[in-house]
Structure formats: C-alpha cells, structure tokens
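A short worksheet on the structure shown next.
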Amino acid sequence: MTPGSTTAAPVVLWCEQAWLRGGPVDAVALELDGERIARVTTGAARTGTVLPGLTVPGLVNRHSHAFHRALRGRPARAADSFWSWRERMYRVAAALDPDGYRRLATAVYAEMALAGHTAVTEFHYLHHAPGGRPYADPVAMDRALVEAAAAAGLRITLLDTCYLAAGFGRAPEGVQRRFADADVDAWAQRATLVAALDDGAGDGRGSVRVGAAIHSVRAVPREALPTVATWAGSRPLHVHLSEQPAENAACRDVHGLSPTMLLDDAGALGPATTAVHATHLTSDDVACLARTGTAACFCPTTERDLGDGIGPAAALAAAGVPLCLGSDSHAVIDPFEEMRALEMDERLAHGMRERFAPADLLRAGTDGGAITVGAPADLVTLDTASVRTAGARPEGIPLAASAPDVREVRVGGRVVVRDGAHQLVERPAADLAAEIAAVHA
C-alpha cells in the first residue's frame, strides 16, 4: 500500500439470528467484501450494523410474468377456468408498450423487494408491438424489464421466451402475434440481441442474466425445440410443463408422448432446465425429470388461483428433483406464502403433516437455503416479534412469517428495503394503482 493511501473498512453486519447451514444461529457477524460475504463468525460480540430478528438468504422468485399483476383482485366469472382467465390476460398484454411496461414492472418488482425477494426470474414473452410488428429496437420490451429490475434494486434472470404457435398446428392469432417470432431461427436471432443485456457473461454473478424459455409444447413445435435447447446451452432454460390436463391430452393425441417425454426426446431437459408447474405428471414423467437433473418450479398461489391442481412436489423431491418457487401471475406476492403452500398443499393432498421440513422450504425459496461465505450479500431480515411470528421457534419462521414481517432487504450488500420501506421506489402502491388503471382504461 502506498504511503497515505487508505482502504475501505469492511462492512460488518451483526445478526441477532442468522440462518446458516445447520439452521438459525444466535449472534452471527457477517463481514462483507464488496457485494459478497467474506466471513461468517458465530458467537460474535455485538458490533457493526445491528440487524435485530432473523436474517435469511435473499428470497428468489423463480417464475414471474410481471404484467399479470394487473389481473389481481379482479373477480372471475362463474365457471371460470384457466382458459377463460387467459383471455383476460391477453387483453392486458394488448395494452402495454415499452414505457408502460417499464413503469408497471418497476412497481411489481418493488412489491417483490418489500416481500423479501432479492432476485426475480422473468419468463418474458411480450416481445413485439401490436400486430406482431417488431419495435425499432427489437429488444425494447426486454430492456424495459431489465431497467425495471435495476430501478427496484433486484437481480433479474431474463428468459427470452420462444412462442411460435397458438396450439398444436395452429398459427398465432390476435394478441398472440405480439408474443411470436416468424420462426425459431428468427427467435434465436432476436434472443442473441437480448443476450447482450447480460452483464455477467451468463455466469449469474452480475445483476442481469439472460436465458431462454420454451413457452410450452403447444406453443413451440416439436421440430423447433432442439434449436431453443441448443441456443440456451448452459444458460437457464425454463418451460411451462403439464400445467393443464388438456395440454397433456392434446400432446399425446398429436405426438403420442407426454409433454415431458417430448421435451426429453428433443434434448430440452437437463441440469440447466426448470420445468414450471409440473402439475399433472405421470410416474414416468417424474422419473424422467429426475434422470435428466431437471428442476421443478412450483407456483402454489397461482396454481390454486387458476384451479390448476396440486402437483407432486413430495414425489419429485423424493426422486431427487430440485424444487424452487415462483409467484407466476402474482395473485399473491409473498415468498413465505409460497413456501407454506408447498407444504400445506401436500398435507391436503395426502392427509399427512410435515411433508417438507422448514429448512426444505427455505431451500426451495432461496439459492442454497443458507447464508454462506462467498455467496452474494443478498439478505433479508425478518421481525421475529410480530403478531405473526411472536412465540415461533426460529426454525419454524418459514411457516409463520409473511411479507409484512420483512424489515430489511440487502442486494449485494446494498440496502433496498429498510424498516419495511422501499429505499429506491418512493410510492410503489400508488405506482401500481396508476399503472394498472392505465392498462385497464
């Protein structure tokens, strides 16, 4: 070090309790080196910035369609189903442009941060202008989402979604033309432009990571699936899988295979792939996901809102399939509710309790399930003395806490939420109300 130079003092966070590899531990000091955790000391004397309550790893929302938030609280008609809900979703999609989507998504992502999310995976398929005409900037809608995440302080994995058909053998129609590229090669060309938004060379170390998605086997023809999988390579690849029995039946009628087996045949399953919903699987499907190392993402609050059904979460976990969680249509944005629902749905389906331990639920809701040296300093501190959490044992907090118990959120060490208030977005509730009203005007 040259004479007279100084080095920045390390940031030290003293946690009243922190969730480490073995579960909650009292009196833990976290020393930060830039955006990462450099040292974890247990039994530490009170020092640095004090975080009262329980500090856990940042919650990760693995499946989001940001514009679906505009449908919350708008009651369904009698005998409504996923398919009629989809028509209302199309009307919202028709109303958005890049500027409006950036404003709406910023408010949605701010709501996520207030609920304890530090990262979001956006399954993005609203690509083009009305009628399917490309914007002058072909990635304008993708850019809007990246800017929204930055404004709200979240990391984002942006999945540019391939969407080529309205169903098996049917061309896109109506608002679906906004989702669709001319063919899979056109999608790949545009996705390559989107990849330039990735600020971490695809390794997940930056604030923006770009991956790919297959909307569904009904929206991407069989012959196009290998192209998407090849383009994704080691990047994240997600796919809506077996959300509805009708999709399974149609796939079998056309291809003689379940959607899972069709994807496997196309080389689209593997350790980089996440099957979203995975609700209506056969035992052979479960075994296939396990054999290929494919993960499964459950979105329980959306799956119950749409009447999708209860997926085989415990069976998948028992087979060795990694589980993660998302909020999908944002009927609810509360990662603790998603974690609880994973367990409670299993109890309802099987008449048994403790299908998942709280540590399993936290693992599904985060990256790794514990605060560790070398991990990003993405941290959430919870109030353990609220009317919801008072009296709960520390290891039971995932079954007791809710979004209002989030007191502080740090992303890469930066404070995004303090004392339950967002530090970057001044009026997220007012912004949500204004943008949703504009969409429905």
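Since every read-out is calculated from the coordinates, none of them should be taken as a lab result. Everything numeric here is computed off the predicted structure, so don't read it as measured data. FYI the Cβ positions are ideal-geometry reconstructions off the backbone, even for glycines, and counts take in every protein chain you see.
For this structure, a couple of remarks:
- Estimated FRET transfer efficiency (residue 357, residue 440; beta-carbon r; R0 45 Å; 0.05): 0.60
- Total charge dipole magnitude, the stretch 27-134, about the Cα centre, Cβ charges on Lys, Arg, Asp, Glu only, Debye to nearest 20: 380
- Computed from label points 7 Å out along Cα-Cβ, the spacing between residue 183 and residue 284 is 3.2 nm.
- In degrees, nearest ten, helix 245-255 long axis to first principal axis of the chain (Cα): 50
- Peptide ranges 253-265, 418-430, 61-73 listed from the most packed, as the mean C-beta count within 10 angstrom indicates: 61-73, 253-265, 418-430
- Rounded to 10°, Cα long-axis angle of helix 283-292 versus longest principal axis of the chain: 60
- Averaging the sequence gap over all C-alpha pairs within less than 8 Å and six or more residues apart, then dividing by the number of residues, gives the chain a relative contact order of 20 percent.
- Calculated FRET efficiency, residue 257 to residue 171, Cβ-Cβ distance, R0 = 22 Å: about 0.45 to the nearest 0.05.
- For the stretch 264-329, the ratio of Cα radius of gyration to the globular rule of thumb 2.2 N^0.38 Å stands at 1.06.
- Nearest-ten-degree value, helix 140-152 long axis tilted from longest Cα axis of the chain: 20
- Gyration tensor (alpha-carbon) shape descriptor, the stretch 331-441, a/c threshold 1.5: oblate
- Computed FRET value (nearest 0.05) for residue 222 with residue 87, which takes r as the C-beta separation and R₀ as 25 Å: 0.40
- Each Lys and Arg Cβ is given +1 and each Asp and Glu Cβ -1; about its Cα centre, the chain then shows a dipole of about 340 debye.
- Debye log10 I(q)/I(0) for the stretch 99-169, one point scatterer per Cα, at q = 0.13, 0.16, 0.20, 0.21 Å⁻¹: -0.41, -0.59, -0.82, -0.88
- Note on the chain: the alpha carbon radius of gyration divided by the globular reference 2.2 N^0.38 Å gives 0.97.
- Furthest towards positive pole of dipole, 100, 273, 59, structure part the stretch 59-365, Cβ charges: 100
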